[in-house]
């Protein structure tokens, strides 16, 4: 993706990026992959506190940082924004506390499979 394409994608999705659902989706994918914030930070080249901010308050984080974090999870920002839900099978769902899973489902971040 060129810089101008990225800028357009970010502009078109600014509200989605700033939303709490975006951060919840990042956290959900991280946990689905059985990764800690420290592991994502190391892979992405950012500090752990930035990974935490992406998960809790993404609207306050630089887009470049968000791109690095989602790349560490195996996504481009464009693909991450296009995929509206995280699909969890029973094994992946078991990595979450019941209250976390309920919040993710209520926030329309997760679809349970099987």
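Quick look at the numbers
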quantity: Residue order, fewest to most beta carbons within 10 Å, for 25, 82, 32; calculated: 82, 32, 25
quantity: Computed label-point distance, nm, for sites residue 103 and residue 60 using a 7 Å Cα→Cβ extension; calculated: 1.6 nm
quantity: Contour excess over end-to-end distance, with Cα ends at residue 111 and residue 78 and 0.36 nm allotted per residue; calculated: 9.9 nm
quantity: Fewest-first ranking of 105, 66, 111, using other Cβ atoms within 10 Å as the exposure measure; calculated: 111, 105, 66
quantity: Order of 84, 42 - criterion: other Cβ atoms within 10 Å of each residue's Cβ, fewest first; calculated: 84, 42
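Values in this text are rule-based calculations from the coordinates and carry no lab data. All figures in this text were calculated on a predicted structure; none of them were measured in a lab. No Cβ is skipped: glycine too gets one built from the backbone with ideal geometry, and neighbour counts run over all protein chains shown.
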